[in-house]
Amino acid sequence: MNQKGEFILTKNKAEVNGKNYFYEINFIRAIACLCVVMVHVTAGYYYENDKTFDMITQFFNQITRYGTPTFAIISGFLLYNQLINKRFKMHSFLKSRLTKIVIPFVIWSFIYLILKTIYGYYSFPSWNIVEIKEFIYFFSIGKAHYHLYFISVVIQFYIIFILLRYLHSKNSLLILTIAAFFLNYFFIELKFNFGSGVFNNLMNERAFIFRWIFYFLFGGLLVYYWHRIVAWVKKNIRLNLLIVAVVMIAGCFEYKYTGFLTSTRTLNLINLPLLFIALTGVYFALKRFENIRDIFIRIGNFSMGIYLVHPFVLFFLREYDIFKFLYKSTWYLPLLFLFTLAASLLIVKLISILPLGNYVVTVASLPNKNLKTQSANKMHTSFTSN
């Protein structure tokens, strides 16, 4: 936006108050969010049926394990997009991450711990130095509830980013990304033994940043090539849809013959870069279905809130016998998934309109509709909230 308040449209972006909105990235973020919800919904079937899957629940649980690494790529992309396009300011960065990530992480960690204490699944530590130290470690790496570990990973990346931001040229970032690939590989494949202290425990935690660092830096590297990637994807939509199908089918064979998969498995270091770019093709393939794309974009705006809230919904669904019938038959899986998503959206929406609700859940704002209409007639316009 210039000094007269006019929108400045460039070849690949629409700037609104100095921010870029990448529609295709937010579309992918919605898919990642839905994948995470599906993983946790189907996990409920596993635990409610003597730790066994049937064919359908196992399929959806395993094939949606791409969601969390996708969030890491998006986080890196958004952060480096600010830095590379010279809109990064340390004070704004620290304030934004504190209010949008750290404070919600702390609040929801206590919400889940209090909830589990009420229902007899957890007890807060005594006021002795040993238990307090253990609690601080337990809390900081996101063990308050099963999904919060990834918020801890994101916070760790932000800390590292404060130093890495000085190495943001294309060549520097390329070298860092390649190095991160091998670092990530070794931390996934190896188990470290440095005794029994906190350092040894942290190095072997799933929540340790070096098990995820490649995805963040790969997202940053994409910023330099995104215009060319989008141009290529638009010309090769069918190929990208085929890549999505191949990755999904390969994932089926992988869990069928190698056993239970997690989001930190080694092959994701290859799968995620391919899948992330190919999913951009899905966005453009839905060009004629604007209403469907809008639904995904809105879900993408609520993705952070949904991520924090949906285990809260699932906790009560599994806690009370009145809902247990939902876990007795796979036929109820679509209903359970949609109910969890809808209830989470409603809770996030209600919290967001409360005073100081933005400190509890983060909700991205939609871009100006007039800007979207103007841009769509001239070029592809990108979307996301930084």
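Odds and ends about this structure:
Let's see how each residue does on (1) among the basic types (Lys, Arg); (2) within 23 Å of TYR121 (Cβ to Cβ); (3) open to solvent by less than 70 Å² (accessible area, probe 1.4 Å); (4) in contact with a Phe, Trp or Tyr (Cβ under 7 Å, 6 or more places away or on another chain):
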{"residue": "GLY300", "(1), (2), (3), (4)": "no, no, yes, yes"}
{"residue": "VAL309", "(1), (2), (3), (4)": "no, yes, yes, no"}
{"residue": "LEU314", "(1), (2), (3), (4)": "no, yes, yes, no"}
{"residue": "LYS324", "(1), (2), (3), (4)": "yes, yes, yes, no"}
{"residue": "ALA343", "(1), (2), (3), (4)": "no, yes, yes, no"}
{"residue": "LEU346", "(1), (2), (3), (4)": "no, no, no, no"}
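- For the range 93-109, residues that are closer than 18 Å to VAL348 by Cβ and either free of Cβ contacts under 8 Å to residues at least 24 places away in the same chain or loosely packed, with under 15 Cβ neighbours inside 10 Å (or both) total 3.
- Restricted to helices (runs of 4 or more DSSP H) entirely inside the range 276-362, those with at least 1 residues that are aromatic (Phe, Trp, Tyr) and more than 20 Å from the chain's Cα centre (by Cα) are 303-319, 333-352.
- Of the residues screened, LYS100 is one that is modelled with pLDDT of 90 or more and under 17 Å from the mean Cα position of the chain (by Cα).
- Residue satisfying all of: in the range 133-160; small (Gly, Ala, Ser) and open to solvent by less than 10 Å² (accessible area, probe 1.4 Å); nearest to PHE77 (Cα to Cα) among these: SER152
- Residues (β-branched (Val, Ile, Thr) and open to solvent by less than 20 Å² (accessible area, probe 1.4 Å)) located in the range 271-284: THR280
- With respect to the conditions (1) surrounded by 15 or more Cβ atoms within 10 Å (Cβ to Cβ); (2) at pLDDT 95 or above, ARG206 falls short on a single one, namely (2).
- Test: residue in the range 71-87 that is open to solvent by 50 Å² or more (accessible area, probe 1.4 Å) and either in contact with a His (Cβ under 8 Å, 6 or more places away or on another chain) or of a type in the set (A, V, I, L, M) (or both): no
- Single residue of LEU163, LEU183, LEU176, LEU202 found to be over 22 Å from the mean Cα position of the chain (by Cα), part of a helix (DSSP H, G or I) and of a type outside the set (Gly, Ala, Ser): LEU163
- Subset of the range 242-266 that is surrounded by 14 or more Cβ atoms within 10 Å (Cβ to Cβ) and either on the phi > 0 side of the Ramachandran plot or not in a helix (DSSP H, G or I) (or both) - its residue that is modelled with the lowest pLDDT: LEU261
- Residue in the range 285-292 that is open to solvent by less than 30 Å² (accessible area, probe 1.4 Å) and either modelled with pLDDT under 95 or within 23 Å of THR64 (Cβ to Cβ) (or both) present: no
- Cβ-Cβ under 7 Å pairs, at least 6 apart or on other chains, the range 190-208 side closer than 24 Å to TYR146 by Cβ, far side among the basic types (Lys, Arg) and not in a helix (DSSP H, G or I): ASN204/LYS191
- Within the range 26-117, helices (runs of 4 or more DSSP H) holding 1 or more residues that are touching a helix residue (DSSP H, G or I) at 6+ places or on another chain (Cβ under 6 Å) and more than 17 Å from PHE302 (Cα to Cα): 55-63, 67-84
- Residues of the range 146-160 that are in a helix (DSSP H, G or I) and either closer than 15 Å to HIS310 by Cα or hydroxyl-bearing (Ser, Thr, Tyr) (or both): TYR149, PHE150, ILE151, SER152, TYR158.
- Test: residue in the range 370-381 that is among the aliphatic types (A, V, I, L, M), in contact with a Ser or Thr (Cβ under 9 Å, 6 or more places away or on another chain), buried (at least 17 other Cβ atoms within 10 Å of the Cβ) and at pLDDT 90 or above: no
The values are calculated or read from the model by the stated rules, or taken from the named source; none is laboratory data. Predicted, not measured: the structure shown is a model, and the values here were computed from it. Quick reminder, even Gly has a Cβ in these numbers, built from the backbone with ideal geometry, and neighbours come from all protein chains shown. What goes into the accessible areas is simple: the full protein's heavy atoms, side chains included, and nothing from ligands, DNA or RNA. Shrake-Rupley method; radii C 1.70, N 1.55, O 1.52, S 1.80 Å.
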